[in-house]
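The structure appears right after this line, and notes come after that.
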Amino acid sequence: MVYPRKEQKGYGTKKQIEGEFEKGETVLVYDDLITKGTSKFEAITPLLEAGLVVKDIAVLVDREQGGKEDLKSKGYDLHSVFTMTEILDILLKSKKISQEQFDSIKEYFADAEGWSKKHEGEVNE
């Protein structure tokens, strides 16, 4: 296992990438979730610079807000345990959320900025 640091530290091993590896090895990047691909590209860059090969990224949750497409456009494949749609479907079917909540959350994930403007000033109780 290796992991890239956001910035090289001035103490400890002082390495940008912690762990043992050899140039040319293929690594799997994993994280808790993805919204857009920005943070994944930040994690991938030092790995590539160190000579590692990255093809796949695994996450627990894909929020389905463009991250998969962002990664695909650069040649990476995203694998998720759950998509936000799957989580919402489970919550709705198990009656943990109402149809109204389901619809509102889906609307938010489709257009967060538009949803925020539409619901500006509302107070949830």
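The values are calculated or read from the model by the stated rules, or taken from the named source; none is laboratory data. Only a predicted model underlies this, so the values are computations on that prediction, with no experimental measurement involved. Don't worry about glycine lacking a Cβ; one is built from the backbone with ideal geometry, like all the others, and counts go over all protein chains shown.
Odds and ends about this structure:
- For segment 18-49, the candidate set comprises residues that are touching a Leu at 6+ places or on another chain (Cβ under 8 Å) and crowded, with 18+ Cβ neighbours inside 10 Å; within that set, the residue that is modelled with the lowest pLDDT is Gly37.
- Check on Glu122, of a type outside the set (S, T, N, Q), at pLDDT below 95, within 17 Å of Asp31 (Cα to Cα) and not in a helix (DSSP H, G or I): no
- Within segment 106-120, the set of residues being in contact with a helix residue (DSSP H, G or I) (Cβ under 6 Å, 6 or more places away or on another chain) and either touching a residue at least 24 places away in the same chain (Cβ under 8 Å) or within 17 Å of Val61 (Cα to Cα) (or both) comprises Tyr108, Phe109.
- In segment 58-72, the residues that are in contact (Cβ under 8 Å) with a residue 12 or more places away in the chain reach residues that are in a helix (DSSP H, G or I) and of a type in the set (A, V, I, L, M) with C-beta atoms within less than 6 angstrom, at least six apart or across chains, in these pairs: Arg63/Met84; Glu64/Met84.
- Yes/no for Lys106 being part of a helix (DSSP H, G or I), of a type in the set (D, E, K, R) and closer than 28 Å to Leu28 by Cα: no
- Filter result for the condition that a residue is over 27 Å from Gln16 (Cα atoms) and buried (at least 16 other Cβ atoms within 10 Å of the Cβ), over Glu113, Glu86, Glu107, Glu64: Glu64
- Considering only residues in segment 68-83 that are polar (S, T, N, Q) and surrounded by 13 or more Cβ atoms within 10 Å (Cβ to Cβ), the one that is farthest from Tyr30 (Cα to Cα) turns out to be Thr83.
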